[in-house]
1. Filter segment 54-88 down to the residues that are free of Cβ contacts under 8 Å to residues at least 12 places away in the same chain and farther than 14 Å from N101 by Cα and list them by number.
2. When you scan segment 2-24, do you find a residue that is modelled with pLDDT of 65 or more and surrounded by 10 or more Cβ atoms within 10 Å (Cβ to Cβ), even just one?
3. Among the residues of segment 67-92, write down those that are closer than 14 Å to G57 by Cα and crowded, with 17+ Cβ neighbours inside 10 Å.
4. For the subset of segment 34-51 comprising residues that are closer than 13 Å to I94 by Cα and crowded, with 16+ Cβ neighbours inside 10 Å, which member is farthest from the chain's Cα centre (by Cα)?
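The values are calculated or read from the model by the stated rules, or taken from the named source; none is laboratory data. All figures in this text were calculated on a predicted structure; none of them were measured in a lab. FYI the Cβ positions are ideal-geometry reconstructions off the backbone, even for glycines, and counts take in every protein chain you see.
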Amino acid sequence: MKKILLIYLFVLLPTVCTAQTGLFKAFGPTNSSCAKYVNEVTTDEQAKQIYSWWVMGFMTGINYVKLRSPATDIEAHDAWLLKYCQEHPLDTFIYAAIKLNEEIERK
């Protein structure tokens, strides 16, 4: 079941992100609202893990492109995203992830 869910989230749901993020192709739970993200990660351990894995891949890709090695970890990313999304329930999850990257960039 977990493999099917992962395949669904990462392969079958490619999204072109525009509006708040500029134009690029993203895969995964990117167009979910922050409200949906908060609900899912606080009620479903499997969803929490899937979002966390997605963030790891997203941040790894950005770190690779920018040749950077920030002094953060996935637990910090998860905590930051949860707080951000609780405060901005109408934003999309991908926008929250982009804001996380901007926060790391400032440090």
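1. Residues satisfying the conditions are E75, K83, E87.
2. The answer is no, given that none of the residues of segment 2-24 is modelled with pLDDT of 65 or more and surrounded by 10 or more Cβ atoms within 10 Å (Cβ to Cβ).
3. H77, D78
4. K36
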